Structure formats: C-alpha cells, structure tokens
Amino acid sequence: MPLLLDDPAFQQKLEDIAEESGQPIDTIRTEAAENLEEMRGKRSDFAVMLVARLSRYVCRRGYH
C-alpha cells in the first residue's frame, strides 16, 4: 500500500510508535508495510467470474 505508507499523517503516527516503543523507525515502517500487505485483499479472476455469474442467475430467477 504505497499511498498509505507515503501519507504524512501515517508517517507521523509511525514515528510516534517508534518513539514510544524505543524501536528504530525503519523497523516500525517495515513491520507496518508487512502488516498492510497481509491485510490487502487478493481476488482471483475465477472467483470474480463465479460470483458475477451466480448474481446474474439469482437476479434472473427473481424476475421471472
């Protein structure tokens, strides 16, 4: 999530955490980047297609 990691307010919060915990800011930034990557949603093209087809089927059944 490069946009969030580059946000000045987010950077300030990371610096606050580093100061409070006594850990180096680089360690805190690395950990934050890893945690954000872990939370990032990953979608599969197959799953998206499957949900789209299922949704169309259900909607068609509801209107017939």
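Which of the listed residues, Q11, L36, L50, is farthest toward the dipole's positive end in segment 1-56, when Lys, Arg count +1 and Asp, Glu count -1 at the beta-carbon? The Cα lying farthest towards the positive end belongs to L50.
At q = 0.16, 0.21, 0.23 Å⁻¹ the log10 of I(q)/I(0) for the chain amounts to -0.63, -0.84, -0.93, computed by Debye summation with a single uniform scatterer per C-alpha, solvent ignored.
In the chain, the calculated helix contribution to ellipticity at 222 nm averages -26500 deg cm²/dmol per residue, counting -39,500 (n - 2.57) for every DSSP H run with n ≥ 4.
Remark: the chain carries 89 Å² of accessible area per residue (probe radius 1.4 Å; ligands, DNA and RNA excluded).
Full extension of the chain between E15 and Y57 gives 10.0 nm of extra length, using 0.36 nm per residue less the Cα-Cα distance. Working ranking of peptides 10-19, 37-46 by packing, defined as the average number of other Cβ atoms within 10 Å per residue, highest first, is 10-19, 37-46.
Assuming charge only on the beta carbon of Lys and Arg (+1) and of Asp and Glu (-1), the dipole of the chain about its Cα centre is about 1200 debye to the nearest 20. Multiplying the residue separation of I25 and D6 by 0.36 nm and subtracting their alpha-carbon distance yields 5.4 nm.
The values are calculated or read from the model by the stated rules, or taken from the named source; none is laboratory data. Source: prediction; values computed, not measured. Note that each Cβ is placed from the backbone with ideal geometry, even for glycine, and that neighbours are counted across all protein chains shown. Side chains are part of the model used for accessible areas, which takes the heavy atoms of the whole protein and leaves out ligands, DNA and RNA. Shrake-Rupley method; radii C 1.70, N 1.55, O 1.52, S 1.80 Å.
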